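S.K.: Below is one structure. I have some questions about it.
The values are calculated or read from the model by the stated rules, or taken from the named source; none is laboratory data. It should be emphasised that the depicted structure is a prediction, and the values quoted were computed from it without experimental measurement. Reconstructed Cβ throughout: ideal geometry from the backbone, glycine too, with neighbour counts over all protein chains shown. Note: areas computed on protein heavy atoms with side chains; ligands, DNA, RNA excluded. Shrake-Rupley method; radii C 1.70, N 1.55, O 1.52, S 1.80 Å.
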Amino acid sequence: TIALEFCAGLRELGLGLSITKINNSLDPLPLLTEIKPDFTRLDQSLVQDCAYSVHQQLLVKKLVNAIHTQEIVVGVTGVEEFEMLPLLWELGLDFVQGNVLQAPHTEMEFSFPQERDIML
């Protein structure tokens, strides 16, 4: 299909691929197997009840393990509670995104180190 050709073209250019919003509305594994992204992000709806549901924890852990077998890095969006971080690491997630790390700002401020400040 055109989408697969597009993904192959991006790979030829040396660009990585990411698939976002993996949720429980469909089985993502066939799509991930076909496209072979470098990264994927689970939708927050998959993990929001993990603190209260062992069943949901098992589902997420099984999904993350299956994605990892394809050598894909797995993260989750919308992490708002600091207490969720240890649980998410236990479930095998590689990274998180959300306000728990930093709340949104109205302006972007970055402090880039000078070359002389970088210790080699």
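S.K.: What are the pairs, 6+ residues apart or on separate chains, where a residue within the range 61-85 that is on the phi < 0 side of the Ramachandran plot and open to solvent by 20 Å² or more (accessible area, probe 1.4 Å) has its Cβ under 8 Å from a residue that is assigned to a strand (DSSP E or B) and among the basic types (Lys, Arg)?
M.R.: The qualifying pairs are 77/41.
S.K.: Name the residues in the range 26-58 that are more than 14 Å from the chain's Cα centre (by Cα) and more than 20 Å from residue 70 (Cβ to Cβ), would you?
M.R.: Once the filter is applied, which keeps residues that are more than 14 Å from the chain's Cα centre (by Cα) and more than 20 Å from residue 70 (Cβ to Cβ), the range 26-58 yields 48, 49, 50, 51, 52, 53, 54, 55, 56, 57.
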